[in-house]
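Below is one structure; the comments refer to it alone.
The values are calculated or read from the model by the stated rules, or taken from the named source; none is laboratory data. For clarity, every value in this text was computed on a predicted model and none was experimentally measured. Here the Cβ positions follow ideal geometry from the backbone for every residue, glycine too, while neighbour counts run over all protein chains shown.
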Amino acid sequence: MEGYLPVKIGRKKVSIDEPAFLVAEVGSNHNRDLTLARRLIEMAFQSGVDAVKFQLFQAEWLYPKNCGMVETAEGPVDFYEVLHHCALPRDWIPELKHYAQELGLTFLCTPFCEEEVDVLASLNVEAFKVASPELNHLPLLRKVAQCRKPIICSTGLSILGDIEEAIQAIRQEWPEAAVILLHCVTAYPLPPQESNLGVIPILQKAFGLPVGFSDHTIDPQVVPAVAVASGACMIEKHFTLNHGFPGPDHSFSLEPEELKSMVRIIREVEKIDPQDRKSWIGRRFGTEKIACILGHGRKEIMPAEAALYPNDKRSIHAIQDIHPEEILTPENIRILRSERNLKPGLHPRYWKTVLGRRTVQPIKTGDGVCWEHLLAR
């Protein structure tokens, strides 16, 4: 494909012409238990994936403290408190990275603020992952690009224009940036019929980049197999030791045998001629089911993720009460997700524009910063 260059992560190439690069996503399933985190790395190794991925976040750099109650599989919870209590301790990262590499796995980790990018860069990680809600966090993307490491961008909650703006921000810092896009629909769990895997070749053609799939379905076989048959060069899937463990991510993650079965069918599909893969999967699982999973192929906000859009994208929020005539600084505003209970503020592209501006209206803690707060009537 014209303009399509493989991306090297560690010793492996990520390309449509190579076996799919398989990533086992821990998310918050470590439950702040180091022994469990190490066990998850062992499980990833035993399943046959290529990489294990963690997330490095601090609640205060993700959401305003008053983002409120959210309905989860475990019932309504104070979302900020949940995140605060399931955050990965930063001092675990060197040990987890070393253990993964001892087993021959690539260690990946998602940063959610610029400071966390510095932490991971100091440990010489092989690549950076950017989560879907952060795809519009342009300052974060620029910071990641400065590290000159491959960048894996999930594209849930986004349309083609959002993806284009993100790539432009990256290439402003690193013109030859090695970028992998992951098609994604941000729902937990994702109904298989909304996977819309027909988007994968569209993204490849539109951007000339390797494209994979961040899979939030609980299907260990059909959806990942169709993704690879559609040209996905990377598959990312949440995993756990037990669906019944407490925590926000366990219920939609694959258990050990399910993860192994996912790896097996992907490697089985890869032995088949690319032109025959979808028909082979159709004979095995049903052509109507495959057509449903492929969907309409338009990159748009899907019904399953509509409740999170645009609130789960980043925008500019007040992190303390701001009075009229007060100057906006990094001490009183921050680029955060809104969750469902707060009104989003200005797009992060305006971060430098609003810094140093004087307010004309009060802004309450947690509120999105809007033009009306800054422009005199």
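Mind listing just one residue for me: the one in the stretch 295-312 that is surrounded by fewer than 18 Cβ atoms within 10 Å (Cβ to Cβ) and without any contact (Cβ under 8 Å) to a residue 60 or more places away in the chain and, of those, farthest from Leu157 (Cα to Cα)?
Ala307
Can you name the condition, by its number, that Gly231 falls short on among (1) on the phi < 0 side of the Ramachandran plot; (2) outside any strand (DSSP E or B); (3) in contact (Cβ under 8 Å) with a residue 24 or more places away in the chain?
(1)
List the residue pairs whose Cβ atoms are under 7 Å apart, where the first residue sits in the stretch 238-258 and is free of Cβ contacts under 8 Å to residues at least 60 places away in the same chain, the second is among the aromatic types (Phe, Trp, Tyr) and not in a helix (DSSP H, G or I), and the two are 6 or more positions apart or on different chains.
Matching pairs, first to second residue: Leu254/Phe239.
Quick one: count up the residues across the stretch 143-173 that are crowded, with 19+ Cβ neighbours inside 10 Å, of a type outside the set (A, V, I, L, M, F, W, C) and over 16 Å from Leu209 (Cα atoms).
So the count comes out to 3.
Suppose we filter Ala59, Ala44, Ala24, Ala37 for residues that are free of Cβ contacts under 8 Å to residues at least 60 places away in the same chain, of a type in the set (Gly, Ala, Ser) and in contact with a strand residue (DSSP E or B) (Cβ under 8 Å, 6 or more places away or on another chain); which single one remains?
Result: Ala37 is the single residue among Ala59, Ala44, Ala24, Ala37 that is free of Cβ contacts under 8 Å to residues at least 60 places away in the same chain, of a type in the set (Gly, Ala, Ser) and in contact with a strand residue (DSSP E or B) (Cβ under 8 Å, 6 or more places away or on another chain).
How about the stretch 180-198: which of its residues are farther than 26 Å from Glu339 by Cβ and surrounded by 21 or more Cβ atoms within 10 Å (Cβ to Cβ)?
Within the stretch 180-198, Ile180, Leu197 meet the criteria.
Just to check your reading of the model, which residue among Pro111, Pro150 is without any contact (Cβ under 8 Å) to a residue 60 or more places away in the chain and closer than 20 Å to His98 by Cα?
Answer to the check: Pro111.
Working only within the stretch 313-348, note down all residues that are surrounded by 14 or more Cβ atoms within 10 Å (Cβ to Cβ), more than 13 Å from Leu374 (Cβ to Cβ), at pLDDT 95 or above and not polar (S, T, N, Q).
Hits for the stretch 313-348 are Lys313, Arg314, His317, Ile319, Arg334, Ile335, Leu336, Arg337, Pro344, His347, Pro348.
Exactly one condition in (1) farther than 13 Å from Leu103 by Cβ; (2) under 16 Å from the mean Cα position of the chain (by Cα) is false for Arg32; which is it?
(2)
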